[in-house]
Amino acid sequence: MATTDSLIDVQPSPDAPQRHRLLIVDDDLAVRMVSRLALSKAGFGVTEASGGYTALSWLDSHRFDAILLDARMPGMDGFETCRKMREQLNGAPVPIIMATGQDDDDSIDAAFESGATDFVVKPLNWRIISQRLSSLIGASAVKKHLKSRSHQISSMLKTSSETMLLLDSAGIIQGTHQIERLPTELRAQMIVGRNVFHSLDDAFSDPVIVAWSTAQRTQDCESFIVEYSEEGKRQTVQGRFVPGAEGEWLCLLQDQSAVFDCEQQAVDLAYKDPATGIANEKRLLEELGNRLRDDRETHSQTAVLRFSASDLRNFEPAIGRDGVAKMAQVIVERLELGLDSFLSTLPVETKRPEHLIARLSESDYVIIFSALHDSEFIEDLATLILRRVSTSIEIGDHLLSIDWTVGIADTGEASSTTDGLLTATAYAIQSDLRSSSGHRVHRYNAELKAKIKLDIEIERLLRRDIADGVLEMYYQPKFDLSDLSLIGMEALIRWNNAEMGFVSPAQFIPIAEKSGLIISLSHLVVEKVFDQIVAWREEGYRTVPVSINISGIHLNTRTIVEEFRAGIQHHRIPPELVELEVTESIMVDGMSKAFKNLTDLRDMGIRVAIDDFGTGYSSLSYLKDLPADCLKIDRSFVQSITSDPTAEAIARAIITVGHDVNLHVIAEGAETAEQLNKLAELGCDSVQGYFTGKPVPSSEFSVFFEGSLLAS
């Protein structure tokens, strides 16, 4: 196994042709291995060094044609190593290419100040690196052999891919070599006897003139790049001026159009979303980090809008991968149109905020705004764009509806870091998943974060306690209004957690439904209720029906009917002793799986009650078609039945129509003798409430088997 101080010298075989010798210096073994394989394949002889001191040792005893040097290394870094190499080379023009993961002005300046010949950014494109090395080695050879140029330069250029122009001290072209390698338009201008600068279009002559002036002043090699368009296609030519003998100059030119196109494609692959062409996650993270640094210097703010859709991959079976890509393009188009539409409404004198649209994932799109001094407009903007992207999208024969949620965070409330801001938008989106408000734009703040963290902790503890079976069942009695005899009871889940204490069902039931724990919770409730029915039977108490609140999520499962059948058979419980309480919405949707399951369960003999009747669809006409045995009048009507004529009228209508279709009617939430008497007067069948009996643990329920204990 190689150590960090190891030296690896890949020697060519004795029979192999002479190859250019490279010294690769990098502390990362994996990078060195990849570099060696790639450059050896390109025809170079490679020597490896894992640090600066090792590299200097190699340089002291061996000759190299070029050096590829990592900038960031422990101990002696690449910049210091480069300076010492230049001292050790004593003026020899060996090209040194500096490689680093940072593409910023400071790193570039530091590289060239330390003596680097060229600078590249990781990850490395080996095709580009090998061409640059070949060019730099060729230029170095030109410089070394200038004094005997006639034979040596000619020999070198025969194996070089570069075009050579021989210039006098005024820039007049004296001769050319391999001119055919230049693009057509540029080649036509390079005529012997013409000034090289007069051969260039004014639009791109400036960098060439600057390089020429610098080279003449320093009497050293100076590089330049010329970019122009030829027949609508981008052309890139890389060149350098090299001082020759007796006042002459060499201008070495190489057509790098294909290489630069490849480099641009590599950049696009690294920083652009392939389906839409907008910034991808990598570009987003880098850009957001840069803008946050700028904001700290200017004391301004950055805001992030995150548009999160229900999983868009669900559409793929219907529209295919091409359809998914087209859908993404439509989404981006709508984001851009919505943004432009909003910004166009700003006053002319108002400076438009700097923004970037990016695709964070398959289903998440982000807009960032920076250099803000006021972010109050963000919610209005989010609402406007939300309306645009929520419109159905037509792909082929399919009309797709997407459910969006927007999370907003800004540096005024959230952490001023890339991860902090994006995480804050995730908190905001998560708040939508844990609420039923129907509001789709959520702005992050400390209170929201605290609530989400609490909900996550409740979910964690609930998951554990369901698995351990520690939740308890309470039972609230139901009484016949004519003689207050016990006719049934409702099973109610209660949770007294060891760490959080009592947690209200109103708090943990919605979390269970959102997190998918509701089915496990339902299984626990059913099992505990069935066990309790058996226990009371064995203790000699008379049997009465027990109602269980069942979630629509559980009712929609494929196995619920068989689960109840197996449980009833296992406990040997008459089906009529089990009653399921469900909401109106489940009952009304006659086409749903839940409705079909409910019908099958009732056919099995299980009773069905419609809970909280009157607060949902509030339609009495559909009652005759429902698989139900009982209506429960919602407590909101019962509590005001003696003081509000409307509530009394609604209760009377429910009782009357319920009886007309042979349904038992029970009122829940009775808390006073007056309410009890009014319900009896209206003809209600039975009652449930604190006045006749509060929910109690099973161990305290036995007193109710003898009848009601009315509250004083």
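Considering only DSSP beta bridges whose two residues both sit in the chain, what percent are antiparallel, to the nearest 5? Intermediate results must be reported in sequence, preceding the final value.
Numbers: 68 of 110 bridges.
Given both bridge residues lie in the chain, the antiparallel proportion sits at roughly 60 percent.
Cβ neighbours within 10 Å, averaged per peptide: list 65-76, 390-401, 674-685, 554-565 in order, most packed at the top.
65-76, 674-685, 554-565, 390-401
What angle do you read, to the nearest 10 degrees and between 0 and 90, between the alpha-carbon axis of helix 316-343 and the longest principal axis of the chain?
It is inclined by approximately 80 degrees.
Before anything else, pin down the relative contact order of the chain: Cα pairs under 8 Å, at least 6 apart, normalised by residue count, whole percent. Before the final figure, lay out each step's value.
On the way: 1173 pairs, mean separation 44.2, N = 712.
That works out to 6 percent.
Using a probe radius of 1.4 Å on heavy atoms only, what accessible surface per residue do you get for the chain? Whole Å² is fine.
Value returned for the chain: 48 Å² of accessible area per residue.
Between 0 and 90 degrees, rounded to the nearest ten: what's the tilt of helix 673-682 against the longest Cα principal axis of the chain?
Long axis of 673-682 versus the principal axis of the chain: about 80 degrees.
May I ask you to order 308-321, 114-127, 477-490 by the average number of other C-beta atoms within 10 Å around their residues, highest value first?
Numbers: 308-321: 14.0, 114-127: 17.6, 477-490: 20.1.
Sorting 308-321, 114-127, 477-490 by mean packing, highest first, produces 477-490, 114-127, 308-321.
Taking a 32 Å limit on the Cα-Cα distance, which of the listed pairs 233/272; 84/122; 453/528; 272/593; 351/451 fall beyond it?
272/593; 351/451
Helix 560-571 versus the longest principal axis of the chain: what is the Cα-based angle in degrees, 0 to 90, to the nearest 10?
So the inclination is approximately 50 degrees.
Any idea which of 411, 687, 498 is furthest toward the positive side of the dipole for the chain, if Lys and Arg beta-carbons carry +1 and Asp and Glu beta-carbons -1?
411
Roughly how many percent of the accessible protein surface of the chain is carbon and sulfur, given a 1.4 Å probe and a whole-percent answer? Write down the numbers at each step before the final one.
Values: 16960 of 34130 Å².
In the chain, the share of accessible area belonging to carbon and sulfur is 50 percent.
For Cα extents along the principal axes in Å, the choices are (i) 115, 74, 55; (ii) 125, 63, 48; (iii) 126, 81, 53; which was calculated from the structure?
Computed from these coordinates, Cα extents along the principal axes in Å corresponds to label (ii).
Along the positive direction of the dipole of the stretch 551-613 (beta-carbon charges: Lys, Arg +1; Asp, Glu -1; about the Cα centre), which of 564, 553, 578 reaches farthest?
So the residue we want is 564.
The values are calculated or read from the model by the stated rules, or taken from the named source; none is laboratory data. Source: prediction; values computed, not measured. Cβ sites come from the backbone with ideal geometry, for glycine too, and all protein chains shown count toward neighbours. Ligands, DNA and RNA are excluded from the accessible area calculation, which covers all protein heavy atoms including side chains. Shrake-Rupley method; radii C 1.70, N 1.55, O 1.52, S 1.80 Å.
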